[in-house]
Every structure is written in C-alpha cells, then in structure tokens.
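What follows is a short report on a single structure.
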Amino acid sequence: MHLISIISLGPGDPELITLKGLRRLREADAIYCPATVQPDGSLASRAADILRALDIDLAAIRPFPVAMRDDRAAALADYGAAVERIAAECAEGRRVAVTAEGDAGFYSSSGYVSALLAERGLSTERIAGIPAFVACAASEGVVIAEQTEETDVLTTLASADELLARVAAGRSVVLMKPSRYASAVKEAIAQAPDGVAFHYFEHAGADAERAFYSCRRDAILERRFPYFSLLIVRRG
C-alpha cells in the first residue's frame, strides 16, 4: 500500500508550492481537497483552484465538504467521511494525496485527517509548505524577526494590553485570523506608542486582485478584517 502524502500548498499562489509537493501531486491518482458548500449546493475549494492552476489532472481532484462552524463535531464527521473514501482508494492500490493550505503542520485542519488515518494504520508523509505570514512578509519586504529577537504567533488575543506588553518586551508578534479579535487589535493600534510598527495584510500570496497591505495605522483601523488577513507587529 502506498504512503499517503499530506501536501502543503503554500498561501495560495501556485508558484509558491515546493518542487517536492508538485511532484507528489503529479504522481497521485486521487487528491483530496477540503471544500465549503455554497448556497446553491456547489463546492468551493481554494485548494482545488490551486491544483487547476498547476494543470493537475482534473480527474484526480476530489473536493470534499467540510462544515465551517464553531461546533467542530460536524467538521470532524466530514473528515471521517473523507478518510473512509481515502482508505477505500488506498485499498485499491491508488496513490492518494491530501492537500493543506499554508503548511500542513501549522494551524492546519489536515491534522484531523492525519490522526484519523493513523487510527486506521495508514501511513502518511507530510510535505512542507510556506505559511501565509512568511509569504506576506516577503511580498512587502517586511522583516519578521532578526538576531536574538523572539517571535510569538497568536490566533487569539485577550486584550490590547497583552499585545502591547509582548512588543514592549522586544518580541515580534504575528497575529493570525485577527477577524476573531479585531476590537483588541484595533485598540492596541490606537494606543501603541511611536516606534511600534503594524504591518497589515489581506489575501497576500493568494488573491492578487483582493490583496491589500498597509503599515499606516489610520488605514488599518478603517479595514474590516476578513478571514484571510494577518498582522506582523514589532518595534522599529
């Protein structure tokens, strides 16, 4: 039975996938991609869009629905159903891959799939990818950290004071999914002293038409943070 490849696609730009990841995609007979169900019942998948841009055989692409709700029980059931299909294809001798946006080991839901496959005794390999915040920083020449500077990557923020305290201690802070705690972020931006830099990104490395960047505080405060946004905050 073939090893199942968990392939990181990077932040969304097809050119930012690794050569190893692309090779595994081309070798696969079946490629499973998480998708969301649209109001008309169709499936939308950013991962599948990336595969099409890479000229991957359309017959190999297998979008599977994943419920996008705070209650993760429905999503876990969807992952379980996908794993059933993956296991069946493996049993038939097919080479199977599962895609993950960004890096599969960094805040990725592909971990649920990997765990369920392991429970079935199915072996996987994980192909590394470029996380969104690394691609965002590169797109604007922003330095994330240097020398002995430490970096915190956060997906939640209790208060503006928490962020400002981390920066005051000399730490660089990456804020992932700030739409979940936008009020605390904007309060920190309004209160931060001079010398604290806020770099704000939307859809960078994924959607050129909707990509947005600013380091101006007034411009950031005017934005309504979408799901695909992040900030890099540091002194200097």
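Things to note:
- Residue satisfying condition, being at positive phi, of a type in the set (Gly, Ala, Ser) and buried (at least 18 other Cβ atoms within 10 Å of the Cβ), within set Gly102, Gly129: Gly102
- Residue within the range 69-79 that is assigned by TED's automatic domain parsing to the domain that holds Ser114, at pLDDT below 95, of a type outside the set (S, T, N, Q) and farther than 23 Å from Glu119 by Cβ present: yes
- Subset of the range 88-139 (residues that are of a type in the set (Gly, Ala, Ser), more than 21 Å from Arg26 (Cβ to Cβ) and part of a loop (DSSP other than H, G, I, E, B)): Gly105, Ser108, Ser109, Gly121
- Consider the range 1-47 and keep the residues that are among the charged types (D, E, K, R) and touching a residue at least 40 places away in the same chain (Cβ under 8 Å). The one that is surrounded by the most Cβ atoms within 10 Å (Cβ to Cβ) is Arg24.
- When each of Glu119, Glu101, Glu140, Glu146 is tested for being closer than 21 Å to Pro63 by Cβ and of a type in the set (Asp, Glu), the lone residue that passes is Glu101.
- Every residue from the range 46-87 that is closer than 20 Å to His2 by Cβ, within 20 Å of the chain's Cα centre (by Cα) and in a helix (DSSP H, G or I): Leu51, Ala82
- Residues that are surrounded by fewer than 21 Cβ atoms within 10 Å (Cβ to Cβ), over 14 Å from Leu164 (Cα atoms) and modelled with pLDDT under 95 within the range 213-235 comprise Pro226, Tyr227, listed in sequence order.
- Failed item in (1) surrounded by 13 or more Cβ atoms within 10 Å (Cβ to Cβ); (2) within 17 Å of Arg216 (Cβ to Cβ), with Lys177 passing the rest: (2)
The values are calculated or read from the model by the stated rules, or taken from the named source; none is laboratory data. Computed from a predicted structure; not experimentally measured. Every residue, glycine as well, gets a Cβ built from its backbone with ideal geometry; the counts of neighbours run over all protein chains shown.
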